[in-house]
1. Give, rounded to the nearest 20 debye, the magnitude of the charge dipole that segment 31-118 has about its Cα centre when Lys and Arg contribute +1 at Cβ and Asp and Glu contribute -1 at Cβ.
2. Sticking with the crude label model, points 7 Å out along Cα→Cβ, report the distance from Asp21 to Leu95 in nm, one decimal please.
3. For segment 61-76, take each phi angle, set θ = phi - 60°, evaluate the Karplus expression 6.51 cos²θ - 1.76 cosθ + 1.60, and give the result in whole Hz per residue in order, putting x for glycine and proline.
4. Please state the relative contact order of segment 31-118 as a whole percent: Cα pairs under 8 Å, 6+ residues apart?
5. Could you list log10 I(q)/I(0) for segment 31-118 at q = 0.14, 0.15, 0.18 Å⁻¹, which the Debye formula gives when each Cα is one point scatterer?
Amino acid sequence: MLRETIILCVDGYLFGDRWVDASTLALQVIGGFTLGAIIGYVLRKAAKWVLIIIGIFLLPVVGLWYLGVLDVNWAGLNELVGRLVEWLGVNLSDLSMALASTGALGISGLIGLMFGLSGGFRHTVFDTPKQYKFIRRKGK
């Protein structure tokens, strides 16, 4: 049984049965993370606009339902949302497994995707010193 190991050598790295140059590996990792972060950022912004549009659509429906003009099938709407969430859960887990199986590019891309979806460095655990904050909130 061949055990996959990474061996550091002068020429590069051995992944299983193939040699990978160190610069190629670094390019795959950095490129995968960057592309994943960009895709995550775009998905986050697109989801924001989709939710705003759905809210603008549902606001008059709820208002007319409240006034008694419309009769809304809430059980059917609840079932539709449940099926959508189930479909997203199945397909997103398959996507993450496919990305993770593609090696350095896929794993770093998946990490970048999570980084982009979470907002990047906007919500960091590291506090920025006051002399580097260019925009300050009033009262702070």
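1. Its charge dipole is roughly 320 debye.
2. 3.3 nm
3. Per residue, the Karplus-derived 3J(HN,Hα) values read 5, 5, x, 5, 5, 5, 6, x, 7, 10, 10, 9, 7, 5, 5, x Hz.
4. Relative contact order of segment 31-118: 71 percent.
5. -0.67, -0.72, -0.87
Taken together, the values in this text are just the output of simple stated rules run on the coordinates, not laboratory data. The shown structure was predicted, so the numbers you read here are calculated from the model rather than taken from an experiment. Backbone-built Cβ (ideal geometry, glycine too); neighbour counts: all protein chains shown.
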